[in-house]
1. At 0.36 nm per residue, and after removing the present C-alpha to C-alpha distance, how many nm does the segment from residue 110 to residue 145 gain when stretched out fully?
2. Determine the shape class of the range 15-99: with a ≥ b ≥ c the square roots of the Cα gyration tensor eigenvalues, call it rounded for a/c under 1.5, and otherwise prolate if a/b is greater than b/c, oblate otherwise.
3. How many percent of all Cα-Cα pairs in the chain sit more than 19 Å apart?
4. Under 20 Å from a label point 7 Å along Cα→Cβ of residue 73: give me every residue in the range 4-24 with its amide N that close.
5. Which angle from 0 to 90°, rounded to the nearest 10, does the C-alpha axis of helix 105-118 make with the longest principal axis of the chain?
6. Can you show me the helix-derived [θ] at 222 nm for the chain, built from DSSP H runs with n ≥ 4 at -39,500 (n - 2.57) apiece and divided by the number of residues, rounded to the nearest 500.
7. Relative to the longest principal axis of the C-alpha atoms of the chain, give the angle of the C-alpha long axis of helix 15-31, reported between 0 and 90° and rounded to the nearest 10°.
8. Using only Cα atoms, tell me the angle between helix 138-150 and the longest principal axis of the chain; keep it within 0 to 90° and round to the nearest 10.
């Protein structure tokens with residue numbers, strides 16, 4: 001009896017690792033000489049990182065430090081959505097970085113369309129913020145995973161619940 005095998009395509013970010021990276025960034029900023037006398041604030045609230053500092057150059061430095069810390073903690077920076085640069089009070093600049101959790105419907109539709117165009121005997125269905133791929137042949141599922149890893153959907157994809 002042939003049974004279907006399946007896996008889920010998800011895009012999740014470990015918020016604890018993001019929190020740790022933010023804390024490490026704060027620690028490094030307080031120790032750096034080029035930030036002395038400049039009120040720089042970086043904090044994680046819900047699914048957003050808020051950065052406020054003296055000028056645009058210092059903001060770029062803070063973002064560089066944050067990205068380095070995130071990469072060291074195996075958090076993909078593909079899942080960061082940088083908001084526009086705002087002027088804060090006192091001549092400061094602020095930027096809000098949203099952390100993308102899950103696969104939005106447009107990207108999910110693109111994943112399903114790409115899998116159908118691949119010609120493998122797999123079925124893909126959208127389930128809220130993830131895509132379930134199923135098929136009878138495990139080799140086809142492995143080929144589908146390999147194909148999705150090679151694509152660039154501007155998200156870090158994980159493959160879970162492989163059965």
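The numbers here are math on the coordinates, done by the rules we state, and not lab data. Just so it is clear, the model here is predicted, and its values are computed rather than measured. Here Cβ is always computed from backbone atoms with ideal geometry, including for glycine, and neighbour counts include all displayed protein chains.
1. Computed gain between residue 110 and residue 145 is 11.1 nm.
2. Details: a/c = 1.95, a/b = 1.30, b/c = 1.50.
Oblate is the answer for the range 15-99, as a/c is 1.5 or above yet b/c matches or exceeds a/b.
3. Value for the chain: 60 percent of Cα pairs lie more than 19 Å apart.
4. Residues 11-24 qualify, since their backbone N sits under 20 Å from the label point.
5. 40 degrees
6. When only DSSP H runs of four or more count, the value is -12500 deg cm²/dmol.
7. The angle comes out at about 20 degrees.
8. That helix lies at roughly 30 degrees to the long axis.
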